[in-house]
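Read the structure below first, then the notes.
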Ligand code: ATP
Ligand code: MG
């Protein structure tokens with residue numbers, strides 16, 4: 001009895017502590033705009049859920065945020081309640097050069113200081129269409145440089161990447177300063193991680209020397225299983241400075257929220273998952289604010 005109920009009691013106590021901490025917390029503003037790519041070529045690990053909820057958490061905490069959906073599935077656009085039917089100005093138009101970023105962004109219905117560039121299904125053809133373009137890896141980077149030169153209030157850009165290391169993810173990683181890597185706390189979690197790290201290193205060497213891993217975020221963490229704890233321990237051993245203290249628990253509320261076109265903050269704002277994403281966002285904001293002026 002005690003063995004099965006203790007993790008729940010621990011989690012409730014941790015959530016109460018975190019809620020109290022968040023009430024007092026001040027989210028620092030980065031010294032200059034920061035671009036975060038949420039990437040992992042492994043599918044279904046919580047990239048979109050993390051990109052969406054981190055973006056909303058940061059915006060709700062007073063930062064000016066732009067979320068870019070770079071996945072043809074358009075899941076981030078759905079979860080943020082943003083129109084992304086065919087014909088909607090989107091990341092596809094941005095990448096094929098027919099529109100500027102400022103023409104594609106929509107205001108989030110959920111939080112005022114959040115803008116969203118949606119993805120439509122057209123984006124699924126982009127990899128092939130772009131393959132012959134010159135500077136094809138730099139299209140998003142160039143678009144963001146142009147946007148940020150005019151929209152000086154935007155402080156953090158969060159890019160939701162698709163589950164591959166193709167041209168869309170490459171554009172995101174070339175545009176980004178930092179990568180957030182969500183990892184599902186389950187068996188095979190570490191499979192493919194070395195490939196992602198090699199890819200990031202190659203991009204640092206050849207295309208974007210600024211790029212760094214900002215954070216590894218454990219998702220779908222289940223306190224009742226030894227497996228989640230083992231995955232966490234192993235990751236913390238290999239990447240002691242990268243793994244965030246906060247872990248995102250497995251939560252039905254998180255998986256339900258997109259069907260209402262809202263983040264966890266619109267669906268269950270006081271629950272464990274919202275508190276966890278706010279704490280993760282606070283850790284990220286603190287790290288970004290502490291980063292040098294490189
Ligand atoms: P893809 O690789 O297809 O883009 P992804 O890495 O973006 O996937 P998500 O779409 O965020 O992953 O999550 C995969 C599924 O798991 C979704 O149905 C989502 O609602 C659910 N999910 C994500 N995080 C959690 C969580 N912490 N608890 C429960 N369900 C979750
Ligand atoms: Mg996704």
Query raised in the report: For residue 282, are the conditions met, namely being more than 14 Å from ligand 1 (Cβ to nearest atom), in contact (Cβ under 8 Å) with a residue 24 or more places away in the chain and touching a strand residue (DSSP E or B) at 6+ places or on another chain (Cβ under 6 Å)?
Result: no
Requested in this report: Confirm whether residue 115 is within 17 Å of the chain's Cα centre (by Cα), in a loop (DSSP other than H, G, I, E, B), under 24 Å from residue 262 (Cβ atoms) and modelled with pLDDT of 95 or more.
Outcome: no
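Can you say whether residue 110 is more than 19 Å from the chain's Cα centre (by Cα) and on the phi < 0 side of the Ramachandran plot, as far as the supplied structure shows? Reasoning before the result, please.
Working: more than 19 Å from the chain's Cα centre (by Cα): no; on the phi < 0 side of the Ramachandran plot: yes.
Against the criterion (more than 19 Å from the chain's Cα centre (by Cα) and on the phi < 0 side of the Ramachandran plot), residue 110 does not qualify.
Which one of 24, 32 is farther than 15 Å from residue 217 by Cα, more than 16 Å from the chain's Cα centre (by Cα) and free of Cβ contacts under 8 Å to residues at least 12 places away in the same chain? Talk me through it step by step, then tell me what you get.
Details: 32 fails: free of Cβ contacts under 8 Å to residues at least 12 places away in the same chain.
After ruling out the rest, the residue left standing is 24.
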Report task. Any residue in the stretch 130-154 that's in contact (Cβ under 8 Å) with a residue 40 or more places away in the chain: show its pairings with residues that are outside any helix (DSSP H, G or I) and crowded, with 17+ Cβ neighbours inside 10 Å at Cβ separation under 7 Å, as long as the two are six or more apart or on different chains. Result -> 144/35; 144/157; 148/33; 148/154; 153/64; 154/33; 154/64; 154/66
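Any chance you could count how many residues in the stretch 258-285 are part of a helix (DSSP H, G or I) and within 13 Å of residue 57 (Cβ to Cβ)?
Here the count works out to 16.
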Query raised in the report: Got a sec? Which of 105, 56, 65 is away from ligand 2 (no atom under 15 Å from the Cβ), closer than 18 Å to residue 262 by Cα and over 17 Å from the mean Cα position of the chain (by Cα)?
Result: 105
Requested in this report: Would you be able to say whether some residue in the stretch 71-80 is in contact with a strand residue (DSSP E or B) (Cβ under 7 Å, 6 or more places away or on another chain), more than 16 Å from ligand 2 (Cβ to nearest atom) and closer than 30 Å to residue 95 by Cα?
Outcome: no
**Report entry** Checking residue 253 against (1) over 17 Å from the mean Cα position of the chain (by Cα); (2) more than 19 Å from residue 12 (Cβ to Cβ); (3) in a helix (DSSP H, G or I), the condition it does not meet
**Finding:** (2)
Report task. Kindly list the number of the only condition in (1) more than 15 Å from the chain's Cα centre (by Cα); (2) closer than 23 Å to residue 81 by Cβ that fails for residue 240. Result -> (2)
Report summary line: residue 220 fails exactly one of (1) under 18 Å from the mean Cα position of the chain (by Cα); (2) at negative phi, namely (2)
Report summary line: In the stretch 169-192, residues that are within 16 Å of ligand 2 (Cβ to nearest atom) and surrounded by fewer than 20 Cβ atoms within 10 Å (Cβ to Cβ) total 1
Requested in this report: Can you work out which of the residues in the stretch 220-275 that are within 16 Å of ligand 2 (Cβ to nearest atom) and buried (at least 19 other Cβ atoms within 10 Å of the Cβ) is nearest to residue 44 (Cα to Cα)?
Outcome: 220
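When you scan the stretch 153-169, do you find a residue that is in contact with a strand residue (DSSP E or B) (Cβ under 8 Å, 6 or more places away or on another chain), assigned to a loop (DSSP other than H, G, I, E, B) and over 25 Å from residue 97 (Cα atoms), even just one? Steps first, answer last, please.
Here is the first cut: in the stretch 153-169, the residues in contact with a strand residue (DSSP E or B) (Cβ under 8 Å, 6 or more places away or on another chain) are 154-161, 169.
Now drop any that are not assigned to a loop (DSSP other than H, G, I, E, B), which leaves 154-155, 161.
Add one more test, that the residue is over 25 Å from residue 97 (Cα atoms), and what stays is none.
Checked against the condition, which is being in contact with a strand residue (DSSP E or B) (Cβ under 8 Å, 6 or more places away or on another chain), assigned to a loop (DSSP other than H, G, I, E, B) and over 25 Å from residue 97 (Cα atoms), the stretch 153-169 yields no hits at all.
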Query - Checking residue 242 against (1) at pLDDT 95 or above; (2) over 26 Å from residue 193 (Cα atoms), the condition it does not meet - result: (2)
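Limited to the stretch 19-42, what total is found for residues that are more than 16 Å from ligand 2 (Cβ to nearest atom), farther than 18 Å from residue 63 by Cα and either assigned to a strand (DSSP E or B) or modelled with pLDDT of 95 or more (or both)? Please lay out each step first, then the result.
To start, the set of residues in the stretch 19-42 that are more than 16 Å from ligand 2 (Cβ to nearest atom) comprises 19-35.
Filter once more, keeping what is farther than 18 Å from residue 63 by Cα: 19-21.
Now narrow it down to the ones that are either assigned to a strand (DSSP E or B) or modelled with pLDDT of 95 or more (or both): none.
Counting residues in the stretch 19-42 that are more than 16 Å from ligand 2 (Cβ to nearest atom), farther than 18 Å from residue 63 by Cα and either assigned to a strand (DSSP E or B) or modelled with pLDDT of 95 or more (or both) gives 0.
The values are calculated or read from the model by the stated rules, or taken from the named source; none is laboratory data. Since we're looking at a predicted model, the values are computed, not measured. Here Cβ is always computed from backbone atoms with ideal geometry, including for glycine, and neighbour counts include all displayed protein chains.
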